[in-house]
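Right, one structure below, let's go through it.
The values are calculated or read from the model by the stated rules, or taken from the named source; none is laboratory data. No experiment lies behind these values; they were computed from the predicted model shown. FYI the Cβ positions are ideal-geometry reconstructions off the backbone, even for glycines, and counts take in every protein chain you see.
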Amino acid sequence: MNIFRRLFRIGSAEANSMVDKLEDPIKMTEQGIRDLKGDLGKALEALAEVKALAIRARNDAESDTEKAKDYEKKAVLLLKRAEKGEISMEEADRLASECLVQKESNMANATTNRNNQVKFEASVAKLDGNIKNLKKNVQRYEVELKTLRARAKVSSATKNINKQLADIDSSSTVSMLERMKEKVAQEEALAESYGEIAGENTSLDQEIDQAIDAGSAEVKASDSLAALKSKLGM
């Protein structure tokens with residue numbers, strides 16, 4: 001039972017991880033590009049190996065062809081030497097036959113290698129086409145990833161701005177302004193009230209002094225007027 005529970009927990013964790021990845025297209029695209037680049041690297045290695053096989057098959061075919069020609073030349077030389085009496089005709093026929101057997105063997109090998117060369121070159125062409133497609137896909141996905149990142153930034157910024165705007169309640173803003181107006185009006189009224197209270201609290205001595213000062217000013221003005229008239233001979 002514990003094993004099944006552990007497997008269930010592992011499966012749930014993997015499922016949640018898959019869901020998280022599905023919810024993040026940028027990470028998915030980045031992983032996809034990494035996978036494609038890995039496939040591209042393997043394809044390039046395979047292409048190099050198959051090209052090497054094609055080159056080896058071509059070289060072997062050429063070498064086998066040259067060997068076949070060389071054995072044919074040797075067979076001719078043996079027959080000519082027998083004709084001249086340098087070796088017995090029986091020995092020449094035996095050795096020439098062996099040369100012709102080797103010639104046919106090398107010709108068969110050359111044919112096999114040419115066929116292999118054709119197959120390998122066909123595989124090279126196919127791999128080369130796949131590699132070009134992979135490169136195009138990698139480039140296209142990298143461009144799409146850049147676009148996706150830019151769109152993600154714009155959408156995130158727009159979402160945050162819209163969220164902030166949505167959180168602002170117009171009615172609460174108006175209420176706040178009204179409360180501020182009420183507070184200012186209250187402060188102004190309070191200031192005026194303190195001014196009136198200050199006027200009411202003027203002492204009797206201050207009133208007397210103000211009256212005396214006012215009378216002295218009138219007397220001084222009268223004396224100044226009389227002095228001016230006397231100076232003018234009025």
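Some points to look at:
- Boolean, Val124 is closer than 29 Å to Gly32 by Cα and over 21 Å from the mean Cα position of the chain (by Cα): yes
- Lone qualifier among Lys119, Lys132 - being in the same structural domain as Asp35 (by TED's automatic domain parsing), exposed (fewer than 13 other Cβ atoms within 10 Å of the Cβ), out of contact with any Cys (no Cβ under 6 Å at 6 or more places or on another chain) and within 30 Å of Leu40 (Cβ to Cβ): Lys132
- Taking the conditions (1) closer than 26 Å to Gly38 by Cβ; (2) free of Cβ contacts under 8 Å to residues at least 24 places away in the same chain in turn, Arg94 satisfies each one other than (1).
- Residue, nearest to the chain's Cα centre (by Cα), within segment 90-116, restricted to residues that are within 11 Å of Arg58 (Cα to Cα) and loosely packed, with under 15 Cβ neighbours inside 10 Å: Asn115
- Test: residue in segment 138-157 that is surrounded by 10 or more Cβ atoms within 10 Å (Cβ to Cβ), at pLDDT below 75 and either within 30 Å of Ala43 (Cβ to Cβ) or of a type outside the set (S, T, N, Q) (or both): no
- Considering Ile87, Ile55, the condition of being surrounded by fewer than 17 Cβ atoms within 10 Å (Cβ to Cβ), in the same structural domain as Ser155 (by TED's automatic domain parsing) and at pLDDT 95 or above is satisfied by Ile55 alone.
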